[in-house]
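Scroll down for the structure; my scribbles are underneath it.
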Amino acid sequence: MFEVLVIDNHPLIREYVSTLLGKEGYTVLCAEDGLAALDVLKTSNPKVIFVDLIMPNIDGQTFCRIVRRMPQHKDCFLVVLSATAAESTTPVGVCKANAYIAKGPFKKMGEHILDVVELAAQSNFTAVETEIRGLEDIHAREITKELLLLKHHFEVVLASMSEGILEINREGRIVYANGAALEITKMAEERLLSLRFLELFQEGARDSVASYLRELSGSDAGPSSTGIEIQLEDKELELRLYPIRDDGEKSIVLLMDITERKRFEDQLRSSQRLESIGTLAAGVAHDFNNLLTVIRGNVDIMTMDLQQTHPHYERLQEILRQVQSAKRLTGQLLGYARKGRFEVRLLDLNQLIRETVETFGRTRKEISIHMQLDPKLEVLEGDAGQIEQLVLNLLLNAGDAMPGQGTLDILTRNVSHEEISGNVFTPKEGAYIVIAVHDTGIGMDAETRERIFEPFFTTKQMGRGTGLGLASVYGAVKGHGGYIDVDSQIGKGTTFRIYLPVKRQGSAEVSAELQQDEIDSPEPLNRGTILLVDDEQAVLKVAAEILRKLRFNVLAADSGREALRLYRGNREDVVLVILDIVMPGMGGSEVFHQLRQLDPELRVLLCSGYSIQGEADRLMGIGASGFIQKPFSLRSLEHSINEVLQPQDN
Amino acid sequence: MDIATLARELGLDEEDVRRLVHTFLDSTEQDLVRLGRAFSEKDAVQLRATAHHINGAAGNLEFNEIAEAALAIEEKVRAGIIEDLAAPIKLIRSRLEMIRSQLSREEKDHGRSDIP
């Protein structure tokens, strides 16, 4: 005689079946629901299991499904013993039971029970019946059918929810899990059900969840107004507890997968931080450019007055070289802040990469470089200088990550916005070019990865890096309307992927700054009057002196209002206005508009410690004659003035 | 209720049947407490579920009056009538009392007959 397990939440059924079969010599075990039955199965191996369908905790259908997946119990003889068997709309085979008995008066039900146990003993547990025994003794009732349909309806609703739902009994064990909960926890139903809820979490997180549960169970409140955020494997979850009102010993736990939301929040925070650093960097660069303008202007003037043999001549040249270096730094800062110079043209990106790689490769011969450049790569519309600098900075960064030998892979290909939309950013619609640079270097930890695009952040030794390389990469990518992402693993390497849109709008072209010795033209003795407008007294002073050296008369105004006043009084003489854009009070833009109202043909050379992008770009579009970025040399100012004062074609 | 007949029909001893009837009485009385609470809280879902529970167990032992009264509760609640349940609840309670006293008498008789 073998063991029989009877699972029913009604004590009368448990007692009747165990008495009936006990008299036949079977050992009968009892469980009041599916959860208790799973506990019984941990220590017993019944050959026949009678199971009710409608039970609290784990119901009969779920229990049957779980048993069929348990290696040691999957072949047991399962008998569904249910009052709802007659009314159920669920097909008999769904439970994968061997036999079905409809509950009814004991005298008939008992016969069916004895029959199926005998069948189980004879059939070596392989018999599967498709008919329900005992239906002749009961009548299908609409009322039960309706209850079952309602239950089925709720099951469908719960199954289709994207939030994970767990039901926890008073011992803290999981007795129900919907499909989303199985997906979120990445656990099979047979493992998840009956598990202690806290065992889902790792030690640190477990303490937080336990404390959250304690806090809520201590209060008399209804559903929790706030959840907690918790880590489960690789997922970020928000967890909320809802005590069941009519059965205070149970709770519903709502699991919401907020991994994506958190990732976007982090991305947004990071991008906001980079934006504010960019604003700060641009402001610093602007002020430095004003200072450099004064230094450079004064040195230019002094140099003009000195013979090359003068003992201070070489020192002044050294100051100029240092000013140039400082200008490159402020240029990088402006590049990061996307306020740098922008000269847009069509670029063969593959060719640009080949040339840059060749230059880089000559300096790092121990690195093995592989290129997979898409021959059908779209033409890129962008600033060649910035893109070249971008590629070079990525190569230098990769090279620095591989102090000894290593492998560097560079790839280009065309992608659509759909292909890259799974990333942390949401790309605008359209075609993109991706440049991927992968190194086999030391990799980065999460903290470093978080900060690599911040200006002046560097992991290199003092003096080895300015911390502006990747910052300017970031600025250049953003300036081109592109996106950037980074994958890195400590000890395995890093991959940067740059996505640049194939078409770019709203770009402008500005004149290049020429070198000091490129211009030299004979000048007339008096070249007219220039109205010079700048709020910085030192800039005003040195620029005025330079202009006088260039044989212009100068009217200097340190504010917008003063500029308008001077122009109104001298409009016949003024051939050109050199106008600073960023000024307190009346800004350059307002001055420009008022001057143009007084004389629509007036030539205005814009000037700024920022750059052409933004306001200057806009003013160029409505008639400003040129732009010069601070700090400027005497020669570059002269060149710009000459260009602006050239006779116009019409 | 005839314990001897019931025992014969079920193929059990009379003592087994008495135990089953006790179990029925105890669980149904607990169900009546739940029913009363659900009634005062106007909790239709709990009313239907508990009545369904009583109906099933009474049907097993063929206590048909109790089963029908429980079914009447289910049907009333289903029709949205939850104010008018006093009569069937009262009927169930009175039938339980009848069965309990009858069982008690039987046990006394049975106990006396066992005395040598």
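The numbers here are math on the coordinates, done by the rules we state, and not lab data. If you're wondering where the values come from, they're calculated on a predicted model, not measured in any experiment. Because the Cβ atoms are built from the backbone with ideal geometry, glycine has one as well, and the counts that use them run over all protein chains shown.
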Give me D for region A:1-84 in µm² s⁻¹, whole number, from Stokes-Einstein with Rh from the Kirkwood sum over alpha-carbon pairs, 20 °C and 1.002 mPa s. 172 µm²/s
Provide the FRET efficiency to the nearest 0.05 for the residue A:320-residue A:162 pair, computing r from the beta carbons and using R0 = 51 Å. 0.20
If you take the beta carbon distance between residue B:107 and residue B:8 as r and set R0 to 22 Å, what does 1/(1 + (r/R0)^6) give as a FRET efficiency, to the nearest 0.05? 0.75
If you take each beta carbon of peptide A:9-19 and count the beta carbons of other chains within 10 angstrom, what is the mean? 6
Over chain B, what is the relative contact order in whole percent, taking alpha-carbon pairs under 8 Å and six or more residues apart? 21 percent
Debye log10 I(q)/I(0) for region A:569-621, one point scatterer per Cα, at q = 0.17, 0.22, 0.29 Å⁻¹: -0.51, -0.83, -1.28
Would you please put A:312-323, A:634-645, B:12-23 in order of how densely packed they are, using the mean number of other Cβ atoms within 10 angstrom per residue and starting with the highest? A:634-645, B:12-23, A:312-323
Prolate/oblate/rounded label for region A:552-650 (Cα gyration tensor, a/c 1.5): rounded
Under the √(5λ) rule applied to the eigenvalues of the Cα gyration tensor, what semi-axes describe the equivalent ellipsoid of region A:231-337? Give them in Å, descending. 65, 11, 8
So what's the back-of-envelope 222 nm ellipticity for the protein assembly as shown, counting only DSSP H runs of four-plus at -39500 (n - 2.57) apiece and dividing by all residues, rounded to 500? -15500 deg cm²/dmol
Can you tell me how region B:21-74 classifies by the Cα gyration tensor, rounded, prolate or oblate, using a/c under 1.5 as the rounded cut? oblate
If the cut-off is a Cα-Cα distance under 13 Å, which aspartates and glutamates reach residue A:47, setting aside same-chain residues fewer than 8 apart in sequence? A:3, A:75, A:118
If contacts are Cα pairs under 8 angstrom and at least 6 residues apart, what is the relative contact order of region A:575-650 in percent? 30 percent
Counting pairs of Cα atoms in the protein assembly as shown, how many percent are more than 38 Å apart? 62 percent
How big is the convex hull of the Cα atoms of chain B, per residue, in Å³? 85 Å³
Could you work out the relative contact order of region A:280-423, using alpha carbon pairs under 8 angstrom and six or more residues apart, expressed as a whole percent? 24 percent
Region A:246-402, convex hull of Cα, quarter of hull surface, nm² -> 19.3 nm²
Computed for the protein assembly as shown: size of charge dipole around the Cα centre, +1 on C-beta of each Lys and Arg, -1 on C-beta of each Asp and Glu, debye to nearest 20, value 1760 debye
Other chains' Cβ within 10 Å of B:54-62 residues: what's the mean? 6
